[in-house]
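The values are calculated or read from the model by the stated rules, or taken from the named source; none is laboratory data. These numbers were taken from a predicted model, which means no experiment stands behind them. Cβ placement follows ideal geometry from the backbone for every residue including glycine, while neighbour counts extend to all protein chains displayed.
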Amino acid sequence: MSPSRRRQESLRFDELYIEPVGVCNLDCRVCYTDRSAPTRLSTEDMLNFALKQDAYERQYDPRGLRYVYFCGTGELFVLKYFPDTLRAFHDAFPKAVLQVQTNGTFPFPDLDFPVDWNISIDGTQKYHEMNRGKGTFRPTIRFLERALKNGDEVMVRTIVGRWNEENIPGFARWLRDNYGLVPEYDPRMVIPRNGFGPLTKRSYTHQDELGVPSEKWREIYVVEPKEIRPGACHQVSIFHGRRVTFCCEAPIMPAHMDMSMLEIEDVYINIMGPCRQCHVNTSCWWCIKPSFNCGMQEVWKVNSCKDVAQQIADRELVTIQVP
């Protein structure tokens, strides 16, 4: 494939999403993690793939790999070697942004380089611990304070459901007044345990008796992205089962880590062929599977990803007023 054709696609080889583990140290009531997954990615597994991707990207852009996002679906620091993984990536890609999603209950790692942290906090102490368990709030706050003291970038991700909805405005004020931060909201839908729908996968356990969001929060979830354009979230994504896909929430994993980057790119282009010919409007995400368009085809009870794209284009952003 020529560089000019590659650059017409939405897949970005300057970004890499890594999910090296699928288990967690917590037993959150709102969770869709597969706690039985035995597989792991080693530091060598992750780094070798990243170096392969970087070399391929440099054919098109001398800057190479520029962003790496680590997410455990469970908790990354369950892997005792994960701080060494971060050091290895910083050594290999000193100019790349490294972002880590964590529940913040493990000790803050001793690192001499910046990391962007995505820390899960679901409200003030009472409401956070209703979901994540007794004694989880203060370790997470200590982690957050250490990250800020280091001068690192920090984002707080807040799962929203009916159990904590009333607490969200007060929590947002508390977070702003004490730390100068604004939470990002991430509602969880109720999915039948043997079903398939938004924000879950067939093999995942599901404990979300707390996590039923109102329609208001569904709208925040749907329209919250600041930029909506074709292929908005399509980066290369690798998983602990050595599978590769092109979105962190994709329901199918059509490639594997042992393939060449050209083969991986060909898989993506073959999958996305029909969607690239749709051109409903510029709000469509070209999802890997039409029914998975962020799960909203099922939620809104519409017939196609075209209808989802149109509804997204027609909606206005719902915001929370924090006095």
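Things to note:
- Test for Asp116: is it within 17 Å of the chain's Cα centre (by Cα), of a type in the set (Asp, Glu) and modelled with pLDDT of 95 or more: yes
- Selected residue (only one of Gly74, Gly135, Gly123 is on the phi > 0 side of the Ramachandran plot and in contact (Cβ under 8 Å) with a residue 24 or more places away in the chain): Gly123
- Summed over region 173-194, the residues that are of a type outside the set (S, T, N, Q), farther than 11 Å from Val160 by Cβ and modelled with pLDDT of 70 or more give a count of 9.
- Residue check for Asn48: outside any loop (DSSP other than H, G, I, E, B), polar (S, T, N, Q) and closer than 28 Å to Asn164 by Cα: no
- In region 125-162, residue surrounded by the fewest Cβ atoms within 10 Å (Cβ to Cβ) [restricted to those that are in a helix (DSSP H, G or I) and of a type in the set (A, V, I, L, M, F, W, C)]: Leu148
- If you filter region 58-83 down to residues that are in a strand (DSSP E or B) and among the hydroxyl-bearing types (Ser, Thr, Tyr), you find that the one that is nearest to Phe108 (Cα to Cα) is Tyr69.
- Flag for Gly74 being in contact with a Pro (Cβ under 9 Å, 6 or more places away or on another chain) and small (Gly, Ala, Ser): no
- Test: Glu166 is farther than 14 Å from Asn103 by Cα, of a type outside the set (A, V, I, L, M) and within 22 Å of the chain's Cα centre (by Cα): no
- Some residue of region 260-274 being at pLDDT 70 or above, under 16 Å from Arg12 (Cα atoms), of a type in the set (S, T, N, Q) and in a loop (DSSP other than H, G, I, E, B): yes
- Test for Phe89: is it more than 17 Å from the chain's Cα centre (by Cα), crowded, with 21+ Cβ neighbours inside 10 Å and among the hydrophobic types (A, V, I, L, M, F, W, C): yes
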